[in-house]
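Taken together, the values in this text are just the output of simple stated rules run on the coordinates, not laboratory data. Just so it is clear, the model here is predicted, and its values are computed rather than measured. Neighbour counts run over all protein chains shown; Cβ positions are idealised from the backbone, glycine included.
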Amino acid sequence: MDLSVQKDKLPVHVGFIMDGNGRWAKKRGLPRSLGHKEGAAVFKKIADYCLDLGIKYITFYAFSTENWKRPADEVNAIMDLFDAYLDDVGKYAAKKTRIVFLGDKAPFRKSIRDKMIDIENKTRDFDAMTLMLAMNYGGRDDIVRAAKKAVQLASEGYLKPEDITEDMFSKLLYTEGMPDVDLVIRPSGEYRLSNFLIWQCAYAEYYFSDVLWPDFKTADLDKALEEYASRNRRFGGV
Ligand code: FPP
């Protein structure tokens, strides 16, 4: 990709919906868990590439609040991938990447929870790039949780109805302090948001492709970024 042309038109925040792992495995007669394993490898490659390109914020939808409904062996396989990845994360800290987890950590096994908290603390001040992993995340859950916090603050006398603005409410979300999403990339031929950052994507551009996530290459990201650079964003204006 010709970075000199694209740099000023790069999105600040890109969201990735990593879809199609199961179908990728099925096509090859493999268990779904191997699709997720391949998907995790692609996630690392694409995250590294985003850092090279100079994208400042990236969010990957790794596990939704609804994904717990999947068969136990598949959920366990994904949890094992999280556990192993979180062990490896020193590599990212060395690159000065801040890592933030979006979602309620409580339902994860203790080894995962402890590592998530440790990584967030250790990378808190890094600013080369912010990598957000949406794990046990749901957009509606995010908004409901923020509403509960607002009501709590109001009941303690810290908040009046007129204090609630979009900016203020944004600060109660898991993405507190992060910019809105500019570009959402969803591979695998599905055309929906699936409860991913629904507040934060209000003005996002969308890029869909038929490629299954484990087949997603840096060239596919280039294509998405080129398309994004050619879009005319008006944010409701003219
Ligand atoms: C959706 O594909 C994918 C998931 C629910 C899990 C995504 C998880 C990973 C890629 C692993 C992440 C790992 C780390 C280390 C962050 P699907 O299973 O719904 O695919 P299908 O629609 O083809 O069945």
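Descriptive notes on the structure:
- Shape of segment 1-88, Cα gyration tensor, a/c cut at 1.5: prolate
- FRET efficiency estimate (nearest 0.05) - Cβ-Cβ, residue 95 to residue 155, R0 41 angstrom: 0.45
- Estimated [θ] at 222 nm from DSSP helical runs (n ≥ 4, -39500 (n - 2.57)) normalised by residues in the chain, nearest 500: -13500 deg cm²/dmol
- For the chain, the relative contact order works out to 28 percent when only alpha carbon pairs closer than 8 Å and six or more residues apart are counted.
- GluC sites (Glu not before Pro), loop per DSSP, at most 13 other Cβ atoms within 10 Å - longest free stretch of the chain: 67-155
- Computed E for residue 176/residue 30 - FRET, C-beta separation, R0 30 angstrom, nearest 0.05: 0.15
- Computed from label points 7 Å out along Cα-Cβ, the spacing between residue 83 and residue 190 is 2.6 nm.
- Once the C-beta distance of residue 232 and residue 109 is scaled by a Förster radius of 45 Å, the resulting FRET efficiency is 0.45 to the nearest 0.05.
- Using the Karplus relation 6.51 cos²θ - 1.76 cosθ + 1.60 with θ = phi - 60°, the per-residue 3J(HN,Hα) values for segment 205-210 come to 8, 10, 10, 10, 8, 7 Hz, with x marking Gly and Pro.
- 20 Å Cα-Cα threshold exceeded, pairs from 27/223; 44/171; 149/171; 37/95: 27/223; 44/171; 37/95
- Among the trypsin sites (Lys or Arg not before Pro) found in segment 136-229, those both in a DSSP coil and sparsely packed, with 11 or fewer other Cβ atoms within 10 Å of their Cβ, are 192.
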